[in-house]
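*Asks:* Dropping a structure here in structure tokens format, bear with me for questions.
Rule-based calculations on the coordinates, nothing more; no lab input. Keep in mind that this is a model prediction, so the values were computed, not measured. FYI the Cβ positions are ideal-geometry reconstructions off the backbone, even for glycines, and counts take in every protein chain you see.
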Amino acid sequence: MEVLKSKTLKISEEKDLLNIRGLIREYAGEIGLPEIYKVKLLTATSEIARNVLKYAVSGRMTIRILSDIYKGIEVICEDNGKGIADVDSAMKKGFSTSGSLGLGLPGAKSLVHVFHIDSKLSVGTRVRLIVWRK
């Protein structure tokens, strides 16, 4: 898999989400990503970034254009927050530690082609998303 383009943006306040969404739109246009995939990626990415603001205070998001069999957009979100105690439970619809609906992580996973989450207590969380242009 080849990385054709890459940029890392900070996540520390709500306005950073606008920069992230703008870069995803730009990259999606560059590779001709169909509108439905673009909207799904924007939705999933927004959910992950909001989790950073809510649970970790700050982090960073790396957005890449990939080339493999297809072209795609990869989003890697990393934070140094408290981590997720039980990732398996967090990935179940309806599970929440904050009183929310518990649809964020499982919802984000359902919107993208590749979803991987790695979290360690007192270290942080890393989420990787990919949407391929097919």
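*Asks:* Run the numbers on the chain and let me know its relative contact order in percent, using alpha-carbon pairs under 8 Å that are six or more apart.
*Replies:* 28
*Asks:* Shifting gears a bit: According to a simple spin-label model (label point 7 Å from Cα along Cα-to-Cβ), what is the distance in nm between LYS10 and ILE69?
*Replies:* Modelled inter-label distance: 4.0 nm.
*Asks:* I've got another one for you. Give me the dipole magnitude in Debye, nearest 20, for the chain about the Cα centre, with unit charges on the beta carbon: positive for Lys and Arg, negative for Asp and Glu.
*Replies:* That gives a dipole near 140 debye.
*Asks:* Which value, in Å to one decimal place, does the Kirkwood hydrodynamic radius take for the chain when every pair of different Cα atoms is included?
*Replies:* One over the average 1/r among Cα pairs gives 14.9 Å for the chain.
*Asks:* At a Cα cut-off below 27 Å, give the lysines reachable from LYS93, other chains included and same-chain residues fewer than 8 away excluded.
*Replies:* Result set, ordered by chain and number: LYS38, LYS40, LYS54, LYS82, LYS109, LYS120.
*Asks:* Taking every pair of alpha-carbon atoms in the stretch 49-92, give the share separated by more than 16 Å as a whole percent.
*Replies:* Tail of the P(r) past 16 Å holds 53 percent of the pairs.
*Asks:* Which one, LEU9, VAL52, VAL123, projects farthest toward the positive side of the charge dipole computed for the stretch 2-132 from Cβ point charges (K/R +1, D/E -1)?
*Replies:* VAL52
*Asks:* Oh, and also: Taking the mean number of other Cβ atoms within 10 Å as a proxy for protection, how do you rank 42-54, 110-122 from highest to lowest?
*Replies:* Result, highest mean Cβ count within 10 Å first: 42-54, 110-122.
*Asks:* Let me ask you something else. SER58 to ARG21: extension gain in nm, 0.36 nm per residue of separation minus the Cα-Cα distance? Don't jump to the answer; show the numbers that get you there.
*Replies:* On the way: separation 37, 0.36 × 37 = 13.32 nm, distance 1.67 nm.
Additional length available on full extension: 11.6 nm.
*Asks:* Using a cut-off of 18 Å between alpha-carbon atoms, which aspartates and glutamates can reach LYS10, once sequence neighbours fewer than 8 places away in the same chain are excluded?
*Replies:* Cα-Cα hits under 18 Å: GLU26, GLU47, GLU74, GLU78, ASP79.
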